[in-house]
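None of the figures in this text is laboratory data; all of them are computed from the coordinates on show. From a predicted model like this one, the values you see are computed outputs, not experimental measurements. Note that we place each Cβ from the backbone using ideal geometry, even for glycine, and neighbour counts take in every protein chain shown.
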Amino acid sequence: MRIIEEKAVWLLVITARYIPVMVMIAAGHLCVAQSCDSLMGAYINQDSSIVHIKVDDGGFLKGSYQSNASDDTILYPLYGVVNRHSDLTTLSFHVSWDAFGSITSWTGYCEDDENEIKLTLMWHLVRPYVKYDWERMVTNKSVFTPFIK
C-alpha cells in the first residue's frame with residue numbers, strides 16, 4: 001500500500017469481501033490507499049489522462065475517464081471487470097467516446113512495483129470517421145499510477 005499523504009487520519013476498514021483497506025480522512029475528503037486488492041481510487045497515465053475506479057463486491061468495475069487527448073474536461077463513463085483469482089490482479093474496462101463514435105478498451109494487470117501500485121494496460125481504440133481502413137484501429141500501452149492532487 002502506498003501512503004498518499006502523511007498528515008492524515010488513517011482508519012482500517014474491512015470491506016464486504018473481508019479485504020482490509022486503509023482509508024484516510026484529510027481536508028474533508030475520504031481517500032483510499034490504493035492496492036491491487038481494492039483498486040479503488042484515481043490513477044493517472046503517462047499522457048496525464050485520469051481514471052477514477054470503483055469496484056463492487058462482484059468484481060465489476062465502474063468509474064470515469066478524463067482524457068488528456070483533447071481539451072475537454074468531460075468525465076466519460078467507464079465499465080469493466082476485475083479478476084482476483086490468481087497472484088496477479090487482472091482487469092479490463094472500456095469507454096465510449098459518444099461524441100466521436102469511438103470506443104477504447106483497456107486490458108491488463110495491477111502490480112505492486114516497489115511499493116507503488118501500477119496498472120499496466122494495452123488499449124485498443126476503434127474510430128468510425130477515418131479515411132482509410134487501416135486508420136480504424138489503433139493499439140498502444142498505458143501505465144497508470146495513483147493520482148495525487
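For 85, 52, which order do you get if you count the other beta carbons within 10 Å of each Cβ and list the fewest first?
85, 52
Starting from segment 100-145, pick out the GluC sites (Glu not before Pro) whose DSSP state is loop and whose Cβ has at most 16 other Cβ atoms within 10 Å. Mind dumping the intermediate values first?
On the way: sites: 111, 114, 116, 135; in loops: 114.
Passing both the DSSP loop test and the Cβ count: 114.
Counting other beta carbons within 10 Å of each residue's own, what order do 110, 36 fall into, fewest first? Could the numbers behind the result be given before it?
Details: 110 24, 36 20.
In increasing order of surrounding Cβ atoms, one gets 36, 110.
Can you work out the base-10 log of I(q)/I(0) for segment 39-146 at q = 0.14, 0.15, 0.24 1/Å, using the Debye formula on its C-alpha atoms alone?
Taking Cα atoms of segment 39-146 as identical point scatterers yields -0.56, -0.64, -1.47.
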